[in-house]
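The values are calculated or read from the model by the stated rules, or taken from the named source; none is laboratory data. Keep in mind that this is a model prediction, so the values were computed, not measured. Ideal geometry is used to build each Cβ from the backbone, glycine not excepted, and the neighbour counts take in all protein chains shown. Heavy atoms of the whole protein, side chains included, go into the accessibility calculation; ligands, DNA and RNA do not. Shrake-Rupley method; radii C 1.70, N 1.55, O 1.52, S 1.80 Å.
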Amino acid sequence: MMKTMKMGLAMVAAAAMHGAFAETLEVSGATTVQKRILEPGAAALAAKTGVELKIYGPGTGKGLLALIDGKVTVAAAGESLGDALESAKKAAADMGKPLSVPANLVYHEVATDNIVFVVNVSNPVASLNKQQLKAIFTGKIANWKEVRGPDVMIKVLAPAQGQAVRSAVEKAILEGAPFGSGTTDVRTALEQLKLTGTNPGAIAPYSEAVVKESAEKIRVVPGTVIRRPLGFVTIGAPNPAAKKMIDFFRSPEGKKTIK
């Protein structure tokens, strides 16, 4: 009988390890959190805690809207809570929908990230400071030769409304000024990378980690970096599955999986 009990316990443990008793946690939001934290750590998280992730990457603003609408349990944010709320408001306005923000949103920081500025690999511009970037993104500087680059017209590519990278640039670089009328808003970071890699005049902001993983013909221009937090948002205290995920990515074991 003791042998049978031991076999039963072993079977339970094996089943747990193989996901028979796994909890599914849906997370929606920042693509940077998706690519740097969630996707690289998903297998280790499931093995350690039994929590399996279902990940959506529409951007911070839309992810927060999904949380507020009750579509997911956790939102992934590529910025602070205050900035994430601004992204959500812009995303809601862009979608033409009202937004009622819960008073008990909780932010759980797990990592930090750098936003860098990227051009086509053929562009030899040496560096860009904050003032030059502001002039470029607002359209006041229209040709790369004005910043000691080639005689090529500048093409500004920007993340779509509600994405954390866009909000960070608006806050840190534009300081309230709008993007220029010639700016092209791009829905996803992957699409934006492709456009930067094929347009000799392109410039766009990205998460540094996303750039490092890209095979597109692009390069980072030195001179200006925006630093930001990465984390998760819950309504009130996280539920058990969300807490397991947050605690895992804050643990030494979880931190090793972050890219």
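Data table
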item	result
Residues located in the range 65-89, provided they are over 16 Å from the mean Cα position of the chain (by Cα) and not in a loop (DSSP other than H, G, I, E, B)	Ile68, Lys89
Residue, modelled with the highest pLDDT, within the range 154-174, restricted to residues that are under 21 Å from the mean Cα position of the chain (by Cα) and open to solvent by 40 Å² or more (accessible area, probe 1.4 Å)	Lys171
Scope the range 189-213; condition open to solvent by less than 30 Å² (accessible area, probe 1.4 Å) and among the polar types (S, T, N, Q); matching residues	Gln192, Thr196, Ser207
Among (1) closer than 28 Å to Leu99 by Cα; (2) in contact with a Pro (Cβ under 9 Å, 6 or more places away or on another chain) - the single one Thr184 does not satisfy	(2)
Number of the exception - Thr31 against (1) modelled with pLDDT of 95 or more; (2) under 18 Å from Val165 (Cβ atoms)	(1)
Residues (outside any loop (DSSP other than H, G, I, E, B) and within 18 Å of Gly29 (Cα to Cα)) located in the range 99-132	Leu105, Val106, Tyr107, His108, Glu109, Val110, Ala111, Thr112, Asp113, Asn114, Ile115
Flag if Ala91 is open to solvent by less than 40 Å² (accessible area, probe 1.4 Å) and modelled with pLDDT under 95	yes
Residues of the range 214-259 classified as open to solvent by less than 30 Å² (accessible area, probe 1.4 Å) and in contact with a His (Cβ under 8 Å, 6 or more places away or on another chain), total	5
Condition met for Gly41 (open to solvent by less than 20 Å² (accessible area, probe 1.4 Å), over 20 Å from Asp247 (Cα atoms), not β-branched (Val, Ile, Thr) and not in a loop (DSSP other than H, G, I, E, B))	no
Whichever residue in the range 142-153 is in a loop (DSSP other than H, G, I, E, B) and open to solvent by 30 Å² or more (accessible area, probe 1.4 Å) and, among such residues, is nearest to Gly182 (Cα to Cα)	Ala142
Cross-chain or 6+ apart pairs with Cβ under 9 Å, the range 135-151 first and among the small types (Gly, Ala, Ser), then modelled with pLDDT of 95 or more and assigned to a helix (DSSP H, G or I)	Ala135/Glu146; Ala135/Val147; Ala142/Ile136
Qualifying residue in the range 48-70 (condition: open to solvent by 30 Å² or more (accessible area, probe 1.4 Å), modelled with pLDDT of 95 or more and more than 30 Å from Glu191 (Cα to Cα))	yes
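Matching residues to (1) in contact with a strand residue (DSSP E or B) (Cβ under 9 Å, 6 or more places away or on another chain); (2) farther than 22 Å from Gly41 by Cα:
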residue	(1), (2)
Gly59	yes, no
Ala84	yes, yes
Gly96	no, yes
Leu105	yes, yes
Ala111	yes, no
Ile115	yes, no
Asn123	yes, yes
Leu133	yes, yes
Gly139	yes, yes
